[in-house]
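See structure below.
The values are calculated or read from the model by the stated rules, or taken from the named source; none is laboratory data. Here the structure is a predicted model, which means the values were calculated and not measured. Cβ placement follows ideal geometry from the backbone for every residue including glycine, while neighbour counts extend to all protein chains displayed. We work out accessible area using only protein heavy atoms, side chains counted, and drop any ligands, DNA or RNA first. Shrake-Rupley method; radii C 1.70, N 1.55, O 1.52, S 1.80 Å.
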Amino acid sequence: LDPTQPVDATPPISYLRDTDRTALLAVLETLSFDVLAVQEILDAEALGALIEELGAKQNKRYAWAFSENASGNPQHIGLIVDSDKLSLEDVREHTEVDVSGTLRPGLSARITSEGGIDFSVMVLHLASGDSGGRVELRAQQARQAASIVAAQRLERMDDDYLVLGD
């Protein structure tokens, strides 16, 4: 990239399996995020390496967690935080959100800071589409996620909870 030229941070419109690392890095730089939920990650190690590169370019540190996907689904979900500001704690994978055994789990965590900000978060990537029972499948997943959120709110005695994703 030429630092004297404006950066086109428009995400590439493509379903190619190979990621345009330069374009993705440019998009991430423009976001200036503290918390970022990600989904459809096929190579968590590669994204982790890219986030390390982003941190080096920005003189920041990031922490991240990605789902393990015990069912074997190749699309992982994850959370990334600016670890100079926030801590990513109590990360949990929720296989019960994968109601069919072929989808993605939920991923929850507690996010805290020295300044007093604290909340829980869950990342979801539910079944898509409206054919072949997909709407009901998605409703089942949403019920499972709602149950997890309710239990964690009670467990942590804190109502500050964000659900991110689709």
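Considering only protein heavy atoms and a probe of 1.4 Å, how much of the accessible area of the chain is carbon and sulfur, as a whole percent?
Numbers: 4920 of 9660 Å².
The computed percentage sits at 51.
Taking the Cα centre of the chain as reference, the dipole from Cβ charges on Lys and Arg (+1) and Asp and Glu (-1) amounts to some 280 debye.
Roughly what angle does helix 21-31 make with the longest principal axis of the chain, taking Cα atoms, 0 to 90 degrees, to the nearest 10? For 21-31 against the chain, the angle is about 80 degrees. Taking the chain as the reference, fit the longest principal axis to its C-alpha atoms, fit the long axis of helix 134-156 to the helix C-alpha atoms, and give the angle between the two in degrees, 0 to 90, nearest 10. Between the helix axis and the principal axis of the chain, the angle is about 90 degrees. Protein-only accessible surface at a 1.4 angstrom probe places the residues T30, T112 in the order T30, T112, largest first. With the Cα gyration tensor of the chain giving a ≥ b ≥ c as the square roots of its eigenvalues, does the rule (a/c under 1.5 for rounded; else a/b larger than b/c for prolate; else oblate) give rounded, prolate or oblate? In terms of gyration-tensor shape, oblate.
Using just its DSSP H runs of length 4 or more, each adding -39500 (n - 2.57), the chain gives a mean residue ellipticity at 222 nm of -10000 deg cm²/dmol after division by all residues. Give the angle, between 0 and 90 degrees and rounded to the nearest 10, that separates the Cα long axis of helix 44-58 from the longest principal axis of the Cα atoms of the chain. Roughly 40 degrees, rounded to the nearest 10. Protein heavy-atom accessible surface, 1.4 Å probe, per residue over the chain: 58 Å². In this structure V163 has an accessible area near 80 Å², from a 1.4 Å probe over the protein heavy atoms.
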